[in-house]
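This report concerns only the one structure given below.
Read-outs: derived from the displayed coordinates by stated rules, not from any lab. Quick caveat, the model's predicted, so the values are computed rather than measured. Glycine also receives a Cβ, built like all others from the backbone with ideal geometry; neighbour counts cover every protein chain displayed.
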C-alpha cells in the first residue's frame, strides 16, 4: 500500500514540476486539476473522506474553473 502512496505523491510532484516549466496557461490549469484529483485520491487512501470531499469541491473543481474563466476573459480582452 505504501507504493500506491509514493506513486500518487510522485505524480503530484511531476505535475507541479510541469507547471513550473510550462508557458501555456491552459495546460497549467489542467495540471493543477490533476494535482487536485490526485490529492483527493491520496486523502481517500488515508481514510479521510471528509477532507477528500472538501478537496474535490475546492481544489479539483472550483479553483480550476475560476482559473479557466479568468484565462478566457483575459484572452478575450487581448483580442480587442
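Among 39, 16, 70, the largest mean-square fluctuation in a Gaussian network model of the chain, built with springs joining Cα atoms closer than 10 Å, belongs to 70. Extending 7 Å from Cα along the Cβ direction at residue 1 and again at residue 54 yields two label points whose distance is 2.3 nm.
Taking label points 7 Å from Cα along the Cα-to-Cβ direction, residue 9 and residue 65 give a separation of 3.1 nm. With everything on Cα atoms, drop me the angle between helix 2-21 and the longest principal axis of the chain, reported from 0 to 90° to the nearest 10. Roughly 20 degrees, rounded to the nearest 10.
Building the convex hull from the alpha-carbon atoms of the chain and averaging its projection over directions returns 5.3 nm². Every helix of 4 or more DSSP H residues in the chain counts as -39500 (n - 2.57), and over all residues that averages to -28000 deg cm²/dmol at 222 nm.
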